[in-house]
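Trainee: Could you have a look at this structure, given as structure tokens, before my questions?
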Amino acid sequence: MRLSAVDNLKVVLVAWVIGGHALLGYAAIGGWPYDEVNEVTFHPGVETVLAAVIGPSGLFFMGTFYFMAGIFTPGSVERKGRVRFVADRVVRLGVPWVVSAVVVWPTFVWVAYNGAGRGVSWWHAFTHRDPFLDSGSLWFVGVLLVFSVIVALGPPVRQRALATRHLVGMTVVVAGTTFLTRLVFPARSGQVGDLHLWWWPQCLGMFVLGAIGGRQLAERVPDEIYRRCRDVVVGMIALLPFAAAAMGVLDLAKSAEPFLGGWRWQAFVLAAVEGALVVAGSVWLVGLAQRRLTGQGPLAGGLARSAYVAFVVQGPVLLSIATALRPVDLPAEAKAPLVGAGAIALSFAIGWYVTVRRGASARSS
């Protein structure tokens, strides 16, 4: 059974990721490869406002993807069997990751660099990326493949009804392991294959939480848990700008270093904030979708089917649109929303075309 609320939430999150990457391409703090060659950047005041308004969501939205993936993994393993499940995930997740890392991503980075007047060869774009085998936004599917195989080959997952104490426990686990992991792999560091190891505690924790109890939460987040998670998220997002100002963090590009890892109180604070936000935020978003995003119909269904393809193609689409708009004399405050809106529309259009064509082929056969 497909749950319309979860499907609709997936569409919103994919659109958010695409739009967020478009903004990061013109931000001084970076985080998306176009920032290496961008022609304009946000005014520092505008970037600070964007960081305060949108930035906190970046601490937990990716964890929500893993939470939703974990929800449906045990049932999929049970239906398909371990061998078929792993083979299916290798095709669905592994093949796109390999193609992106080896062919697609270096090609479009090469296009962006040459569009900016930096005459580098394709081979240079492939071999000199940091990290090597950078796959762009598809690092997500590579890591998800690893988690899925581990769950499929391990002992059967015992699902249970989750209570507030379980969420609090997972918050502590995610926060603690995040801090410890970043002693070795600081946030935003690169590893071969672009594995984002510094983010694994959050991603794996939410994947496991989804596998254990997410199916029950996906059908209906209890009102009490929903309200508590909502209050945590809204309260933390409201307080974060004031806390950042009190700690002297007024320019993220210049002040981020102490928060990224090491035996620093700032790194511990960020790990604690991420742990609380990702657990409460993921559950709250699913509950919010159940209460506000329950629409069904051809459009909603088509967008839901298109979401994965849209996620896969977003990187080339974003770099292509940004490169095409380089000659247009506009400030980043206007150009970034144009790139984001265009990339969201085109990525989902490609996804729609691919899934509709595949569905038509299946019906005709």
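The values are calculated or read from the model by the stated rules, or taken from the named source; none is laboratory data. Only a predicted model underlies this, so the values are computations on that prediction, with no experimental measurement involved. So basically every Cβ, Gly included, is an ideal-geometry build from the backbone, and we count neighbours across all protein chains shown. In case anyone asks, the SASA skips ligands and DNA or RNA and just uses the protein heavy atoms, side chains included. Shrake-Rupley method; radii C 1.70, N 1.55, O 1.52, S 1.80 Å.
Trainee: Treating only the Cβ of Lys, Arg, Asp and Glu as charged (+1, +1, -1, -1), what charge dipole size does the range 167-314 show about its Cα centre? Round to the nearest 20 debye.
Mentor: Rounded to the nearest 20 debye, it is 220 debye.
Trainee: Whole number please: convex hull volume per residue of the Cα set in the range 225-365, in Å³?
Mentor: Each residue corresponds to 192 Å³ of Cα convex hull volume.
Trainee: Pop a pseudo-label 7 angstrom from the Cα along the beta-carbon direction at both ALA245 and LEU183 and give the gap in nm to one decimal.
Mentor: According to this spin-label approximation, the distance is 3.6 nm.
Trainee: What stretch of the chain, leaving out the sites themselves, is the longest with no chymotrypsin sites (Phe, Trp or Tyr not before Pro) in a DSSP loop having at most 15 other Cβ atoms within 10 Å?
Mentor: The reported range is 1-131.
Trainee: Assigning unit charges at the beta carbon (Lys, Arg +1; Asp, Glu -1) and nothing else, what dipole magnitude in debye, to the nearest 20, does the chain show about its Cα centre?
Mentor: 1460 debye
Trainee: Which value in nm describes the separation of the simple spin-label points at LEU325 and GLU78, placed 7 Å from the Cα toward the beta carbon?
Mentor: Rounded to a tenth, the inter-label distance reads 4.6 nm.
Trainee: If the viscosity is 0.890 mPa s and the temperature 25 °C, what Stokes-Einstein diffusion coefficient in µm²/s follows for the range 109-200 when Rh is the Kirkwood radius over Cα pairs?
Mentor: Diffusion coefficient, whole number: 150 µm²/s.
Trainee: Follow-up. Could you tell me which of ALA272, ALA256, ALA332 has its Cα farthest along the dipole of the chain towards the positive end, charges placed at Cβ (Lys, Arg +1; Asp, Glu -1), taken about the Cα centre?
Mentor: Selected residue: ALA272.
Trainee: On to the next question. Cα-based Rg (one decimal) and Dmax (whole number) for the chain, in Å?
Mentor: When restricted to Cα atoms, the chain yields Rg and Dmax of 20.3, 64 Å.
Trainee: Can you give me the relative contact order of the chain as a percent, contacts being Cα pairs under 8 Å and 6 or more apart?
Mentor: So the answer I get is 30 percent.
Trainee: Please compute the length gained on full extension between ASP223 and ALA163, using 0.36 nm multiplied by the number of residues separating them and subtracting their Cα-Cα distance.
Mentor: 20.4 nm
Trainee: Between VAL90 and ALA300, with labels modelled 7 Å along Cα→Cβ, what's the label distance in nm to one decimal, could you check?
Mentor: According to this spin-label approximation, the distance is 3.8 nm.
Trainee: Cα centroid distance between the range 299-318 and the range 115-135, in Å?
Mentor: If you average the Cα positions of each part, the centres end up 26 Å apart.
Trainee: Return the whole-Å distance between the Cα centroid of the range 177-202 and the Cα centroid of the range 55-75.
Mentor: Cα centroid to Cα centroid, the span is 17 Å.
Trainee: Pop out the Kirkwood hydrodynamic radius of the range 145-265 from its pairwise C-alpha distances, inverse of mean 1/r, in Å to one decimal.
Mentor: Final number for the Kirkwood radius of the range 145-265 is 16.8 Å.
Trainee: Whole number please: convex hull volume per residue, Cα atoms of the range 6-156, in Å³.
Mentor: 121 Å³
Trainee: Report the one residue of LEU93, PRO316, ALA349 whose Cα lies farthest in the direction of the positive end of the charge dipole of the chain (charges on C-beta: Lys and Arg +1, Asp and Glu -1; origin at the Cα centre).
Mentor: LEU93
Trainee: State, as an integer percentage, the relative contact order of the range 158-231 based on alpha-carbon contacts under 8 Å between residues 6 or more apart.
Mentor: In percent, rounded to a whole number, it is 40.
Trainee: Identify all lysines with a Cα-Cα distance to LYS80 below 26 Å; exclude those on the same chain that are fewer than 8 residues away in sequence.
Mentor: Within the straight-line limit of under 26 Å, LYS80 reaches these lysines: LYS10.
Trainee: Just by accessible area at a 1.4 angstrom probe, what is the order of VAL328, VAL192 from largest to smallest?
Mentor: Order by accessible area, largest first: VAL192, VAL328.
Trainee: Just subtract the alpha-carbon distance of VAL102 and GLU36 from 0.36 nm times their residue separation and send over the number in nm, one decimal.
Mentor: Length gained, VAL102 through GLU36: 21.8 nm.
Trainee: Counting only helical runs of four or more DSSP H residues, what would the 222 nm mean residue ellipticity of the chain come to if each run contributes -39,500 (n - 2.57) and the total is spread over all its residues?
Mentor: Result for the chain: -22000 deg cm²/dmol, rounded to the nearest 500.
Trainee: Working out 0.36 nm times the residue gap between TRP123 and ASP231, then minus their Cα-Cα distance, what length gain in nm do you get to one decimal?
Mentor: Extra length available between TRP123 and ASP231 comes to 33.9 nm.
Trainee: Using a simple charge model, +1 on the beta-carbon of Lys and Arg, -1 on the beta-carbon of Asp and Glu, nothing else, what dipole does the range 111-246 show about its Cα centre, in debye to the nearest 20?
Mentor: Approximately 260 debye in magnitude.
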